[in-house]
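Visitor: Right, I'll just put the structure down here and ask away after.
Each reported figure results from applying straightforward, stated rules to the coordinates on display, with no laboratory input. Quick caveat: nothing in here was measured; it's all calculated off a predicted structure. Here the Cβ is made from the backbone with ideal geometry for all residues, glycine too, and neighbour counts use every protein chain on show.
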């Protein structure tokens, strides 16, 4: 299957073709896929019994068991379903920061790998960029025929710019969700309203992974001397004298920020991965996502 080499190296694609997305909760799929779930009355493969309750379809009652036990049992069958993967990508101006790779490009590559894994397994992929508002979403893609449109969308339809309104954008997206599944939010989380957006996804009973992307200089700045620091999204600036003491204070603030996201994630049962653009994104996919149990 052809891919865009600007997003994923063909050798890496070969590695991830053997991976599968793993859902930690049961979702109702919309079409048959490579994922199996127990459903009532689906004549695919017998799985188990349970006691009959009022309203169940009598066609799936085991009458032989009733004759022996004088009790009604319903047959359960295994049906294969697809999984819905929602990729929510921060495209605000702050994501345009970084060298030799920007946070935005790093986010695209991670999204490309996750989407490729899902589409290769005939799952459904949905993508929505967000900054000050929710951007134009990608039409849902399913199966390997959706890989090329998916890569084209990531390359052409996710322009970077504007401020972030995390809460408003994700609340709007949550209201539009028609199919629950896994929501992967890829962002630097430089917006105080991010918790509101996360809670909106939780209210729709989504399984959530936060991929927190920071540039290496944001984690360990090498700035020194008298500087004018400009906010890339608002244009506001501040003149500061960078001293070792100020750098130490800054690092404490960054740790408090990332620890806060980690603790919030733990409190709400959300998976959280914090990474730097200095870490190969392939390592995040092959190691970190396995560690949290999203892929195997």
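Visitor: With an 8 Å cut-off on Cα pairs and a minimum separation of 6 or more residues, tell me the relative contact order of segment 175-296 in percent.
Guide: In percent, rounded to a whole number, it is 26.
Visitor: Next question. At a Förster distance of 41 Å, what's the computed FRET efficiency of residue 224 paired with residue 292, Cβ-Cβ distance as r, to 0.05?
Guide: Using R0 = 41 Å, I get an efficiency of 0.65.
Visitor: Quick one: length gained pulling residue 144 to residue 254 fully straight, 0.36 nm per residue minus the C-alpha distance?
Guide: Full-extension gain reported as 35.6 nm.
Visitor: Please work out the FRET efficiency for the pair residue 59 and residue 24, using the Cβ-Cβ distance as r and a Förster radius of 25 Å; give the result to the nearest 0.05.
Guide: 0.20
Visitor: Apply 1/(1 + (r/R0)^6) to the Cβ-Cβ distance of residue 240 and residue 192, taking R0 = 22 Å, and write down the FRET efficiency to the nearest 0.05.
Guide: 0.55
Visitor: Please arrange 285, 230 by how many other C-beta atoms lie within 10 Å of their C-beta, fewest to most.
Guide: By the 10 Å Cβ count, ascending, the order reads 230, 285.
Visitor: Here's another thing I want to ask about it. Please rank 97, 106, 237, fewest neighbouring Cβ atoms within 10 Å first, as an exposure proxy.
Guide: 237, 97, 106
Visitor: Still on this structure, please answer the following. For segment 160-272, how big is Rg over Rh, using alpha carbon atoms and the Kirkwood form of Rh?
Guide: A ratio of 1.04.
Visitor: Treat the count of other C-beta atoms within 10 Å as a stand-in for reagent exposure and order 216, 14 from fewest to most.
Guide: Arranged by neighbour count, lowest to highest, 216, 14 become 14, 216.
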